[in-house]
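The values are calculated or read from the model by the stated rules, or taken from the named source; none is laboratory data. If you're wondering where the values come from, they're calculated on a predicted model, not measured in any experiment. Counting neighbours? That spans all protein chains shown, and the Cβs are built from the backbone with ideal geometry, glycine included. Surface accessibility is based on the protein's heavy atoms, side chains included, excluding ligands, DNA and RNA. Shrake-Rupley method; radii C 1.70, N 1.55, O 1.52, S 1.80 Å.
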Number of protein chains: 4
Amino acid sequence: MSFNSFGHLFRFSTWGESHGPALGAVVDGCPPGLALGEADIQPFLDRRRPGQNRFTTQRQEPDVVEILSGVYEGRTTGTPISLVIRNVDQRSKDYGEVAAKYRPGHADYAYDAKYGFRDPRGGGRSSARETAARVAAGAVARKVIAGVGISGYLVELGGDAIDRAAFDADEIGRNPFFCPDAAAAARWEGLLDGARKAGSSLGAIVEVTATGVPAGWGAPVYHKLDGQLAAAMMSINAVKGVEVGDGFAAARLRGEENADAMAPGPDGRPMFAANHAGGTAGGISTGQPIVVRMALKPTSSILTPVATIDRAGAATEIVTKGRHDPCVGIRAAPVAEAMMALVLADAMLMHRGQTGR
Amino acid sequence: MSFNSFGHLFRFSTWGESHGPALGAVVDGCPPGLALGEADIQPFLDRRRPGQNRFTTQRQEPDVVEILSGVYEGRTTGTPISLVIRNVDQRSKDYGEVAAKYRPGHADYAYDAKYGFRDPRGGGRSSARETAARVAAGAVARKVIAGVGISGYLVELGGDAIDRAAFDADEIGRNPFFCPDAAAAARWEGLLDGARKAGSSLGAIVEVTATGVPAGWGAPVYHKLDGQLAAAMMSINAVKGVEVGDGFAAARLRGEENADAMAPGPDGRPMFAANHAGGTAGGISTGQPIVVRMALKPTSSILTPVATIDRAGAATEIVTKGRHDPCVGIRAAPVAEAMMALVLADAMLMHRGQTGR
Amino acid sequence: MSFNSFGHLFRFSTWGESHGPALGAVVDGCPPGLALGEADIQPFLDRRRPGQNRFTTQRQEPDVVEILSGVYEGRTTGTPISLVIRNVDQRSKDYGEVAAKYRPGHADYAYDAKYGFRDPRGGGRSSARETAARVAAGAVARKVIAGVGISGYLVELGGDAIDRAAFDADEIGRNPFFCPDAAAAARWEGLLDGARKAGSSLGAIVEVTATGVPAGWGAPVYHKLDGQLAAAMMSINAVKGVEVGDGFAAARLRGEENADAMAPGPDGRPMFAANHAGGTAGGISTGQPIVVRMALKPTSSILTPVATIDRAGAATEIVTKGRHDPCVGIRAAPVAEAMMALVLADAMLMHRGQTGR
Amino acid sequence: MSFNSFGHLFRFSTWGESHGPALGAVVDGCPPGLALGEADIQPFLDRRRPGQNRFTTQRQEPDVVEILSGVYEGRTTGTPISLVIRNVDQRSKDYGEVAAKYRPGHADYAYDAKYGFRDPRGGGRSSARETAARVAAGAVARKVIAGVGISGYLVELGGDAIDRAAFDADEIGRNPFFCPDAAAAARWEGLLDGARKAGSSLGAIVEVTATGVPAGWGAPVYHKLDGQLAAAMMSINAVKGVEVGDGFAAARLRGEENADAMAPGPDGRPMFAANHAGGTAGGISTGQPIVVRMALKPTSSILTPVATIDRAGAATEIVTKGRHDPCVGIRAAPVAEAMMALVLADAMLMHRGQTGR
């Protein structure tokens, strides 16, 4: 409900700036008795961690998480879980230019317009560095929805889409792009190298799926699972579009093509002929896989000079130097997974609270 | 925060079922002293009203709104505004088949899975009839953000897109499709007649824009204007995708193409070279027009028989008779306008509360 | 979280003014499948209803409740329950004096200071008439916490306390004061007649208890059961103090006197030697009866002239004519019961959501 | 809205356990541009700090606050302010007895009943140590409501009340009891020494006032200023009763005694003859001083043995050794001040948001 919190019963809040001393998350409402330690969280942070290859920013952050509360003898107590990640590689550079001029595509101007003032160091609160805190919180959420499998990956980079027929889940962890198609990953290497060397950047499309979600999570009308997912994904830096199931393509189907025919399943639960709706109907999960896709614009920090204005309103030009991801979409994959887990954990607890199931 | 409410400081809640005695909205947090009467609300309900042509359901609902509280001598008092719309044309038919079988693409199965039970009459709470209540609430929101112009229209129907070069705002009110392109509207008439006669249905893409929004509304990180808009639009029945600005197309742009270069404007405010980001940066409005698009799947109620199961889990088949919109996307245009107004009113009050501006 | 809503998972919102056409409540988050009809709600409204004897206002309101949504074939569906009560005895009198002058002790000045404007008819939104809507919502809450017994009664009127040794639960329904002590009830009759005839008014202390609440409801730190109860009771018109268990008297006990010694109980649950804490520890229920008391100031509407100012700020004098309860504390008893039920229903669902118990 | 958060637009969340590595608060929604540094917060923590005299626990905690986010170059940025206080004197003792047996009057049993499990070290989350985090957050709130003067003090200890005629605001800071009456402070010294030496404990009544609050803050019906204050104060450990203005005494006044007659004031604002209502009417501030009192039970940790049960349900006895405040009411005074500031800051922003004033 407030600005930097998400969720209702399972709720997390994040804090921290790109170049402040630390960033963190507070997870409130976590069920008690779940096994939890730093070792459960660190692997997810490691997947998102920068500086691991030439396709992400060269900022070297170990992203070591510390649990400061809410866990006793290795189990959650039901009280707030405070997670802190220290920043260690805030380069002591001169932020004068960013402070004085607005970088187009960045939040600089909007922050100044809103607050009359801003922390210019690395984008301050608007930096994607904030997503480290969510990934930590997401690892806690995964414990709550044990049994649900979540997978995030890129299906398109710089306009080059994967071949769905070549989809290989094992491939996702083998390349620097979270790409499930080995051939596409190979192509993307060249594509992104080219963009990076040209001082440019590329966009991407990330897909995240959740399997094992039972029917019944989510609720009408303003707490629809799709609505929560859309808000969650839209909160990720650079995301400009979100779709569930067939999404925009569904607008081009006829009614009979879009209908997910149902049949009796082997385990008593229905079997669906397809999953055009991406696992929800009326905002409530159907037991099918939840499928969400999001579009990320190309990184706004580029080496190509762009016309802009300074804080006084005068015309000028800016080149965004510094360390940046040439495609922010890549590291968004583990973040999108975390957001999926966070939304589902809340939906599970809300559902259980209202219905007792 | 709860299931059927939206917004934080300017907050509305809706209630009511398709075939219950009435539906309504409670608007809480409305600023005091605004001129408001039923006559300010009715025109918006009239635009959304069913039964006005052969392209919408033939259910005859006058959708007359009554203000039951929160207004005194024609002005809002700052206390909750209760809006009620009586249902008058709930056809007394037999809902036995819908009660016994699940309509694929509808929320029937999901509701049963969640609640163990459901109101089958016209889809109950999951019916798009609920959107009448939002349109009424949206009319109140428009009073709060006086000065902001909001326009919703279809840019695609059944896969057939408008010609942007032929965009004519005046045309939107002249055809039954809220279509800004007269030639497209003419084509859509045949397209939709064909689908309707074939017992099929079509999807659509709706765009809604807001002009006159000052820079500074919205807030990081989980209260981003884009995130609120995405959640708001995703709550509209049949919406499966939402994008802001260039949306999915932005994922195919290069950094330098996507950059909205800035220049000094005539009135002291910046001028932007483009609006790829759709009027937000970092989740905060930039002063540019807000542009949101959403994809609506084809109506799930079709006359083509579809395989399904009954409540006992046995295989069967269903044909959804009754009165339905052959394209739910059409009447979604005024609903999307209402949601835009409701999100912006809340963002305005939240911004004013935190910053005093 | 907004102004006119209470609760989180089981949440209700009220709307309506004293002399508007109607007032009502929307109950959201109610579990599905509960038997509910108007007949389950009406008896509670009847207990609170005005005009039943000379000790309450002579306004004749039948307070007939209508359920407009959320119930199908006599059972709750899990969707919002809209409850409406029409006002029928808004006397068409001249409100000119109340509109022009501020009644001391009333909210007139505060509303004008806040909103710049107010509905002067019968106090508008600040009237205790609003509590009818809560009593209706409370009847729904009672269904959720079936098994919990709630009882509200007066323990003091005009400074004259009951004799705890003479406490007789059956007596509560036999006198117009919800008084559990027949002798006190007899005395109060004279006391209140005297005050009424003198154009004065009296205060009261109301106690409400809940039995059958299991241990574990409520939560640290800002969602303590005591905190929720305090907020709930303080929202009742004229309440100026709330205490749980021994309350203010506990401040005068020594540690060893205040300790509720524990012993093994016959049913496996602990037996407590006393209940100084009123059924909560650390904000969480202990399985003991919940005991809350609240102090209500005397009705501010009196026939004795009081010095005041008019809207222009000039000195004047006012006598509050019209129909009023000479002791607002009396009809607060059923309202306090409703608030207890509403708080407990929310606490139960929140607890179930977080812990699965 | 969630368990460990308070406030709506100006919102804070706390986390941390008595014997964990640290505790902290996240303040969200703070207006931008306020001068803020650790030096603005530390003095308030120092007032609440334990171990400063023989009347509080001997635990030695420096309570040094660190600001980890939300401040840039000495000014708030409008983003979340993370405040952390490291615990340094968690004595490494054996918690076996507290883990195995329930201390009557403490939250031990209730936590186990709720969560099935608890952190027994120093009471874990239920410890009054959590209030350090609120005091830090409260210091931020004071910046928001600059111009409002807040003062908390004891008016009764162990049943011995101050003499209102001897009230001296300067005296509050001169004795270890936050007592405004020098003679009472002298008496309390003996009283509390006696209780402490006898292994007992005493209760207290704390009063907190706010001056300079303009008319108009707070809102009907479930966001009344009194209701928010009651919830806030009730969240302080050991508080069992809260009253506003005359509180329980008002229940013994007649209508004409309780009426706060109004007269034109010298500055255009009304002058009130008294302040029976404690600065609110209809839940909205009137411009008079806000006056709240709360009752704190005696510390539950006493050296007198008390009958209890162990986790297995068997009868046993417990003596609560360790370091404790013999009267928790004393250090509650700075905490109550913090809560007053936090409630008012939120009320101010909410009012500004809705009304623009």
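A few remarks follow.
- Enumeration of residues in the stretch D:126-147 that are open to solvent by 10 Å² or more (accessible area, probe 1.4 Å), within 28 Å of residue C:247 (Cβ to Cβ) and more than 12 Å from the chain's Cα centre (by Cα): D:126, D:127
- Unmet criterion (only one of (1) in contact (Cβ under 8 Å) with a residue 40 or more places away in the chain; (2) touching a strand residue (DSSP E or B) at 6+ places or on another chain (Cβ under 6 Å); (3) of a type in the set (A, V, I, L, M)) for residue A:107: (1)
- Residue in the stretch A:55-75 that is touching a Ser or Thr at 6+ places or on another chain (Cβ under 6 Å), open to solvent by less than 30 Å² (accessible area, probe 1.4 Å) and under 27 Å from residue A:120 (Cα atoms) present: no
- Complete set of residues in the stretch C:179-194 that are more than 30 Å from residue C:267 (Cβ to Cβ) and surrounded by 22 or more Cβ atoms within 10 Å (Cβ to Cβ): C:179, C:181, C:184, C:188, C:192
- Members of the stretch B:167-178 that are surrounded by 13 or more Cβ atoms within 10 Å (Cβ to Cβ) and not in a loop (DSSP other than H, G, I, E, B): B:171, B:172, B:174
- Scanning the stretch B:114-125 for residues that are open to solvent by 30 Å² or more (accessible area, probe 1.4 Å) and either part of a loop (DSSP other than H, G, I, E, B) or within 12 Å of chain A (Cβ to nearest Cβ) (or both) yields a single hit, B:116.
- The one condition in (1) under 26 Å from residue A:119 (Cα atoms); (2) surrounded by 24 or more Cβ atoms within 10 Å (Cβ to Cβ); (3) modelled with pLDDT of 95 or more that residue B:259 fails to fulfil: (3)
- Against the conditions (1) more than 13 Å from every other protein chain (Cβ to nearest Cβ); (2) touching a Phe, Trp or Tyr at 6+ places or on another chain (Cβ under 6 Å), residue C:51 satisfies every one except (2).
- Picking from residues in the stretch D:103-113 that are within 7 Å of chain C (Cβ to nearest Cβ) and closer than 13 Å to residue D:301 by Cβ, the one that is most open to solvent (accessible area, probe 1.4 Å) is D:106.
- Residues in the stretch B:212-227 that are open to solvent by 10 Å² or more (accessible area, probe 1.4 Å) and either under 14 Å from residue A:116 (Cα atoms) or more than 7 Å from chain A (Cβ to nearest Cβ) (or both): B:212, B:214, B:215, B:217.
- Filtered residue count, the stretch A:195-211, keeping only those that are open to solvent by 20 Å² or more (accessible area, probe 1.4 Å), within 22 Å of residue A:333 (Cα to Cα) and in a helix (DSSP H, G or I): 1
- Filtered by the rule that a residue be in contact (Cβ under 8 Å) with a residue 12 or more places away in the chain, open to solvent by less than 40 Å² (accessible area, probe 1.4 Å) and not basic (Lys, Arg), the stretch D:235-252 gives D:235, D:236, D:237, D:238, D:239, D:241, D:242, D:243, D:244, D:245, D:247, D:250.
- Residues satisfying the stated conditions in the stretch B:83-102, i.e. charged (D, E, K, R) and either farther than 22 Å from residue B:22 by Cα or within 14 Å of chain A (Cβ to nearest Cβ) (or both): B:97, B:101
- Any hit, the stretch C:35-46, residues being β-branched (Val, Ile, Thr), more than 8 Å from chain B (Cβ to nearest Cβ) and either surrounded by 20 or more Cβ atoms within 10 Å (Cβ to Cβ) or more than 17 Å from the chain's Cα centre (by Cα) (or both): yes
- Test: residue in the stretch A:176-188 that is farther than 21 Å from residue A:292 by Cα and either charged (D, E, K, R) or within 14 Å of chain B (Cβ to nearest Cβ) (or both): yes
- In the stretch C:86-102, of all residues being modelled with pLDDT of 85 or more and farther than 14 Å from residue C:308 by Cα, the one that is least open to solvent (accessible area, probe 1.4 Å) corresponds to C:87.
- The single condition among (1) more than 7 Å from every other protein chain (Cβ to nearest Cβ); (2) within 30 Å of residue A:197 (Cα to Cα) that residue B:250 does not meet is (1).
- Exclusive hit being at pLDDT 95 or above and within 30 Å of residue A:260 (Cβ to Cβ), set B:319, B:292: B:292
- Residue in the stretch C:112-120 that is free of Cβ contacts under 8 Å to residues at least 24 places away in the same chain, closer than 30 Å to residue D:270 by Cα and basic (Lys, Arg) present: yes
- Of the residues making up the stretch A:102-132, those that are more than 22 Å from residue B:350 (Cβ to Cβ) and among the hydrophobic types (A, V, I, L, M, F, W, C) are A:128, A:132.
- Failed condition for residue D:256, given (1) facing chain C (nearest Cβ under 7 Å); (2) more than 24 Å from residue C:329 (Cβ to Cβ): (2)
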